[in-house]
1. Would you point out which residue out of A75, A51 is out of contact with any His (no Cβ under 8 Å at 6 or more places or on another chain), under 22 Å from F114 (Cβ atoms) and not aromatic (F, W, Y)?
2. Checking N101 against (1) under 18 Å from A183 (Cβ atoms); (2) in contact with a Lys or Arg (Cβ under 8 Å, 6 or more places away or on another chain), which single condition isn't satisfied?
3. What's the total number of residues in region 237-251 that are buried (at least 20 other Cβ atoms within 10 Å of the Cβ), in contact (Cβ under 8 Å) with a residue 40 or more places away in the chain and either in contact with a helix residue (DSSP H, G or I) (Cβ under 6 Å, 6 or more places away or on another chain) or hydrophobic (A, V, I, L, M, F, W, C) (or both)?
4. What do you reckon, is I108 in the same structural domain as E18 (by TED's automatic domain parsing) and farther than 26 Å from T17 by Cα?
5. I need a count of the residues in region 131-167 that are hydrophobic (A, V, I, L, M, F, W, C), over 16 Å from the mean Cα position of the chain (by Cα) and not in a loop (DSSP other than H, G, I, E, B).
6. Please work out if V82 is buried (at least 17 other Cβ atoms within 10 Å of the Cβ) and touching a helix residue (DSSP H, G or I) at 6+ places or on another chain (Cβ under 9 Å).
7. Residues in region 95-110 that are part of a loop (DSSP other than H, G, I, E, B) and either buried (at least 24 other Cβ atoms within 10 Å of the Cβ) or in contact (Cβ under 8 Å) with a residue 40 or more places away in the chain (or both): how many?
8. Would you confirm whether any residue within region 202-211 is part of a helix (DSSP H, G or I), of a type in the set (A, V, I, L, M, F, W, C) and closer than 25 Å to V163 by Cα?
Amino acid sequence: MSAAAMGLAPAVVPRITEALETKPRTPVLWMHGLECTCCSESFIRSGHPLAKDVLLSMISLDYDDILMASAGFQAEAILDEVSQRYRGNYILAVEGNPPLNEDGMYCIVGGRPFSERLQEIAAGARAIIAWGSCASFGCVQAARPNPTRATPVHKLITDKPLVNVPGCPPIAEVMAAVLVYMATFDRLPELDAKKRPVMFYGQRIHDRCYRRPYFNAGQFVESWDDEGARKGYCLYKMGCRGPTTHNACATVGWNGGVSFPIKSGHGCIGCSEEDFWDKGSFYDKVTLPGRGWGGGHGRWPPVPRPKP
């Protein structure tokens, strides 16, 4: 199921199995800046693979102040010890972002500004994963006027391999699959121009949405709970940002693949895109390029496919 989620051929399954059964577990340090913990809440609900299997069998989660038993001075001592012992070999996972205003004083961890601590631990990391839109793009903390100067991780740490896994939060299975991929192949997955894994962010939600035929036919929900809404018509006119949002919601789904926001009757809010908080109301119709888009006149332009 992990291979399928990553879009890998069945022939790769034995390689994933062998790697996870025989390779030393990769040390992972999971740090938290300005965030709401929704990424952790999502991750622990992964169904394939199960989060417990990722944590206990696939990686060695040596520091995460949300999940670990230690706290306070003990926890910070573990962070220092592991980062020195495995220098150059651990993965740094970051949930949330560092605020830079007032010398970083808007986020203090262990008695020190998070921005300082992040740079210190990042210096010895083999690679960095930026979990969620907070770490990847800034999210609500960086929304105008951004008084704390909340800053995406990749703009502070510029000298390390980094993968952004945006979403508010990201899909649980996407988070687990990124860890499995890195543990199996010892490299980052193929990334797009915004450092997102192509295997999960290579297409727009609109490209795989089950309501897409209604868009092409010009059949839209015009107001909440109208006849179109009851028939499951396209939510584009109600502000759905699926046509401009890259994510795997329509294919992987949420809650074990049961549903996703559009299937539940609410338009996509574009949470895996940059500055989605500053792009107006979530219920304003998105302006799309070209002539006649959104009125049902003509079809959506073809999507360029990534090379295999």
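The values are calculated or read from the model by the stated rules, or taken from the named source; none is laboratory data. Treat the numbers as computed from the prediction; the structure is a model and nothing was measured. We place every Cβ from the backbone using ideal geometry, glycine too, and count neighbours over all the protein chains shown.
1. A75
2. So the condition that N101 fails would be (1).
3. 9
4. So I108 fits the description; yes.
5. To start, the set of residues in region 131-167 that are hydrophobic (A, V, I, L, M, F, W, C) comprises 131, 134-135, 137, 139-140, 142-143, 150, 153, 156-157, 162-163, 165.
Filter once more, so that each one left must be over 16 Å from the mean Cα position of the chain (by Cα): 142-143, 150, 156-157.
Checking which are not in a loop (DSSP other than H, G, I, E, B) leaves us with 142, 150, 156.
Total satisfying the criteria: 3.
6. Numbers: buried (at least 17 other Cβ atoms within 10 Å of the Cβ): yes; touching a helix residue (DSSP H, G or I) at 6+ places or on another chain (Cβ under 9 Å): no.
Here the answer is no, as V82 does not meet what is asked.
7. Total satisfying the criteria: 5.
8. Within region 202-211 (the criterion being part of a helix (DSSP H, G or I), of a type in the set (A, V, I, L, M, F, W, C) and closer than 25 Å to V163 by Cα), the answer is yes, since at least one residue qualifies.
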